[in-house]
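Structure first, commentary second.
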């Protein structure tokens, strides 16, 4: 077990990450590819998909198995720098 003193998140834990981008056929597969790079246990059952009212944007909530702050930081960096992503929170 890892020493989590000073951490706001207890590891390991399920952690939701919201990802928003323009609606496109390749958006969801691209985001799944990024997420599974950091959580090999991620599956479609852990993904919620919502379209904006006009359908221009797709919002994803990917619940990953967070095992460390480093993993989360790296995942956020990869998602935030992806050209299809507008926001990650």
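If one takes the longest principal axis of the Cα atoms in the chain, at what angle in degrees, from 0 to 90 and to the nearest 10, does the Cα axis of helix 69-81 lie?
Relative to the chain, helix 69-81 is tipped by roughly 20 degrees.
For a quick size check, give me the Cα extents of the chain along its three principal axes, largest first, whole Å.
Per principal axis, max minus min of the Cα coordinates gives 45, 23, 22 Å.
Take the Cα atoms of segment 46-89, build their convex hull, and give its volume per residue in Å³. All intermediate terms of the calculation are to be shown ahead of the outcome.
On the way: hull volume 2.9 nm³, N = 44.
Taking only Cα atoms, segment 46-89 has a hull volume of 66 Å³ per residue.
Angle check, please: helix 27-38 long axis (alpha carbons) against the longest principal axis of the chain (alpha carbons), in degrees 0 to 90, nearest 10.
It works out to around 10 degrees.
Take the chain, connect every pair of alpha-carbon atoms lying under 10 Å apart with a spring to form a Gaussian network, then pick out the residue of 73, 25, 14 with the largest mean-square fluctuation.
25
Where a number appears in this text, it was derived from the coordinates with a stated rule and is not lab data. Because the structure is predicted, anything quoted here is derived from the model rather than measured.
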